[in-house]
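S.K.: Below you'll find the structure I mean.
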Amino acid sequence: MSNAYDVIVIGSGAGGGTLVHRLAPSGKRILLLERGSWLRREPQNWRAEDVFVDGRYISPDTWHYDDLTPFQPQVHYFVGGATKLYGAALYRLREEDFGELEHHDGTSPAWPISYSDMEPYYTQAERLYQVHGARGEDPTEPPCSAPYPFPAVSHEPRIQQLSDDLAAEGLHPFHAPCGILLDEGNMPFSTCVRCDNCDGFPCLVHAKSDAEVIAVRPAIKHPNVTLLTGAQALRLECNDAGTAVTGVVASVNGIEETFRGDIVVVSCGAANSARLLLSSACDAHPNGLANGSDQVGRNYMFHNSQAVLALSKEENPTVFQKTLGVNDFYLSGTDDFAFPLGNIQMVGKSQAPMFRGEKPGETRFAPTWSLEQVARHAVDFWLSTEDLPRPDNRVWLARDGKLTIGYTASNEEPKKRLYHQLKSMLADLGMHHDHLLPHHAYLKNEIPVAGCAHQAGTCRFGTDPSTSVLDPDCRAHEVDNLYVVDTSFFPSIGAVNPALTAMANALRVGDHLLDRLDTAAPRPEPVQVA
Ligand SMILES: Cc1cc2nc3c(=O)[nH]c(=O)nc-3n(C[C@H](O)[C@H](O)[C@H](O)COP(=O)(O)OP(=O)(O)OC[C@H]3O[C@@H](n4cnc5c(N)ncnc54)[C@H](O)[C@@H]3O)c2cc1C
Ligand code: SF4
């Protein structure tokens, strides 16, 4: 096997996997390096004990707090990356997220591209990832050039009731955008069986629109695409002038190999991409590759999130719960608070085994309830408040190369208010008044930094090389053939889930690379914003 390629992509998740899917028809020689393996299809995929209690699919790795205390991050090193376990809520950022947005704790910065630049790629990403949704329900929905490619996933009765009750409160609940391969009109032929083991679980029947199923598997059918699993990129080598990457040094199943690529794309997830660049310091880049601005690793974000459960007066027999969202507080806050609070959405339905390690039955509101009773009545919410990019929130390497994260939360006040807003409505939503419990099972770990599911921002893109790592095409300002396409490029994170934006951006960067490679590879027609 030759070690020379036109494009090397490192990491096969939402960013890297989608990019390879876009490049595959070009005929160019493409190498996809993935440190993990294929996620095994096995009965344990759908067992809450295995997934949530034993952490079967959390990959072994050790990161460190800034005082060098070690912790295990909630990372998933598989073909498809974190999308193998994700909840597949595939939201567009709001149009306002691309501009400056005033928050309680400061300004969320503008992106170097506008929403209308990204819009055609959101539409393409929604088609590729087969997103189900309904336009026109969400009051913050940005302009869209096409309807969702598939109808919204229906609410089950308890969630429909919740939707009706929220509407009676004057809010605008909407059907959440879902990336699942569900055909409700023809269930005998539907790939998705609509089960209760989706959000946070791998999908045993490959019916979740994850990057492995949707992007990597189709891409490697092209003979010009090579996937190497068990291949961890260790460092990038560059020429003497430091203007081009000349080699990717990887450990392939324990054996070190160097690969050559005309273009090298890093997409290891925000923390690991920063680690790779910082590990690639050389004479021309003494502080880490492409880090003349000292921005690599900085501005780490992962949402100021809360997973909570309320207790329904009636039992909640919902199977697939992640069908509803509320964005009434996304941009405007409340009457007495002018700043954005964030997004409210549902998470996967609680199951009693998920609570092992927690003690919800012993809390003051339901002292006599068994875990099973709590689970039967639980209605589970995920509240996301935007955290702001702060230079001191950062990934760096300790002297011995340890990945280290320093992070102080921002926007705690809007986070608190979003929680209290939901809590204040419980009685009108058919829930036990005043009972809103933290639900650590979804986060797996009570340590917030370890719950890095939505990590972003360590190599932000921008027009000014002194304040950003990447240019608006996601190419490193300082290294001509180096790109980053995972969520590292986000200059701000908004308050909706990040994966669709990573996918859409990978398609956008893919078109740029096809132009650069001068190929006549087929590209979807650009669509205009209506
Ligand atoms: C439980 C959970 C639920 C989530 N739910 C949602 C949701 O509902 N909606 C949503 O939008 N987002 C959700 N997310 C977040 C979403 O999955 C991520 O935002 C998205 O996958 C990020 O894409 P990425 O390309 O940046 O990184 P990843 O998808 O994590 O991909 C990075 C890849 O790089 C590989 N890698 C790392 N280092 C190296 C190396 N040195 N060499 C080679 N390969 C390497 C990794 O193994 C991985 O495959 C969820 C995440 C989790 C964990
Ligand atoms: S709900 Fe559908 S996509 Fe999700 S895990 Fe179950 S079968 Fe898979």
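S.K.: Note down all Cβ pairs under 6 Å where the first residue falls in the range 156-167 and is closer than 14 Å to residue 425 by Cβ, the second is outside any helix (DSSP H, G or I), and they're at least six residues apart or on different chains.
M.R.: 163/155; 163/173; 163/324; 166/173
S.K.: How many residues does the range 307-362 contain that are assigned to a loop (DSSP other than H, G, I, E, B), of a type in the set (Ser, Thr, Tyr) and either modelled with pLDDT under 90 or closer than 20 Å to residue 159 by Cα (or both)?
M.R.: 4
S.K.: Return the pair list, or none, for Cβ contacts closer than 7 Å from residues in the range 431-454 that are over 28 Å from residue 63 (Cβ atoms) to residues that are at pLDDT 70 or above and open to solvent by 60 Å² or more (accessible area, probe 1.4 Å), at least 6 apart or on different chains.
M.R.: Qualifying pairs under 7 Å: 431/313; 432/313.
S.K.: Sticking with this structure for a sec: Within the range 162-209, take every residue that is charged (D, E, K, R) and within 14 Å of ligand 2 (Cβ to nearest atom) and give me the one that is nearest to residue 59 (Cα to Cα).
M.R.: 199
S.K.: For the structure I just gave you, tell me whether residue 18 is within 14 Å of residue 203 (Cα to Cα) and either open to solvent by less than 10 Å² (accessible area, probe 1.4 Å) or away from ligand 2 (no atom under 16 Å from the Cβ) (or both).
M.R.: no
S.K.: With the requirement that a residue be under 19 Å from residue 461 (Cβ atoms) and open to solvent by 10 Å² or more (accessible area, probe 1.4 Å), what does the range 505-521 give you?
M.R.: 508, 511, 512, 515, 516 - these are the residues of the range 505-521 that are under 19 Å from residue 461 (Cβ atoms) and open to solvent by 10 Å² or more (accessible area, probe 1.4 Å).
S.K.: Considering only the range 96-144, how many residues are over 20 Å from the mean Cα position of the chain (by Cα), open to solvent by 30 Å² or more (accessible area, probe 1.4 Å) and either closer than 25 Å to residue 323 by Cβ or among the basic types (Lys, Arg) (or both)?
M.R.: Residues that pass the stated criteria total 5.
S.K.: Mind listing whichever residues of the range 236-247 are outside any loop (DSSP other than H, G, I, E, B), touching a residue at least 40 places away in the same chain (Cβ under 8 Å) and open to solvent by 40 Å² or more (accessible area, probe 1.4 Å)?
M.R.: If the condition is that a residue be outside any loop (DSSP other than H, G, I, E, B), touching a residue at least 40 places away in the same chain (Cβ under 8 Å) and open to solvent by 40 Å² or more (accessible area, probe 1.4 Å), then 237 is the only one that fits.
S.K.: Check 250, 233 and return the single one that is in a strand (DSSP E or B), within 22 Å of the chain's Cα centre (by Cα) and surrounded by 20 or more Cβ atoms within 10 Å (Cβ to Cβ).
M.R.: 233
Okay, residues lined up against (1) among the aromatic types (Phe, Trp, Tyr); (2) away from ligand 1 (no atom under 15 Å from the Cβ); (3) at pLDDT below 95:
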| position | (1), (2), (3) |
| --- | --- |
| 39 | no, no, no |
| 53 | no, no, yes |
| 69 | no, yes, yes |
| 74 | no, no, yes |
| 113 | no, yes, no |
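S.K.: From the list 192, 178, 203, exactly one residue is of a type outside the set (A, V, I, L, M), buried (at least 21 other Cβ atoms within 10 Å of the Cβ) and without any contact (Cβ under 8 Å) to a residue 24 or more places away in the chain. Which is it?
M.R.: 192
S.K.: Select from the range 385-430 the residues that are part of a strand (DSSP E or B), aliphatic (A, V, I, L, M) and touching an Asp or Glu at 6+ places or on another chain (Cβ under 9 Å) and list them in ascending order.
M.R.: Once the filter is applied, which keeps residues that are part of a strand (DSSP E or B), aliphatic (A, V, I, L, M) and touching an Asp or Glu at 6+ places or on another chain (Cβ under 9 Å), the range 385-430 yields 403, 405.
S.K.: Please pick out the residue among 91, 57 that is under 22 Å from the mean Cα position of the chain (by Cα), open to solvent by less than 40 Å² (accessible area, probe 1.4 Å) and away from ligand 2 (no atom under 16 Å from the Cβ).
M.R.: 91
S.K.: Condition (residue is open to solvent by 40 Å² or more (accessible area, probe 1.4 Å), in contact (Cβ under 8 Å) with a residue 40 or more places away in the chain, assigned to a helix (DSSP H, G or I) and more than 9 Å from ligand 1 (Cβ to nearest atom)) applied to the range 217-225: is it met by at least one residue?
M.R.: yes
The values are calculated or read from the model by the stated rules, or taken from the named source; none is laboratory data. Nothing here was measured: the structure is a model prediction, and the numbers come from that model. In this analysis, Cβ positions are derived from the backbone assuming ideal geometry, glycine residues included, and neighbour counts consider all displayed protein chains. The protein model used for the area step is the full one, side chains on, heavy atoms only, and it has no ligands, DNA or RNA in it. Shrake-Rupley method; radii C 1.70, N 1.55, O 1.52, S 1.80 Å.
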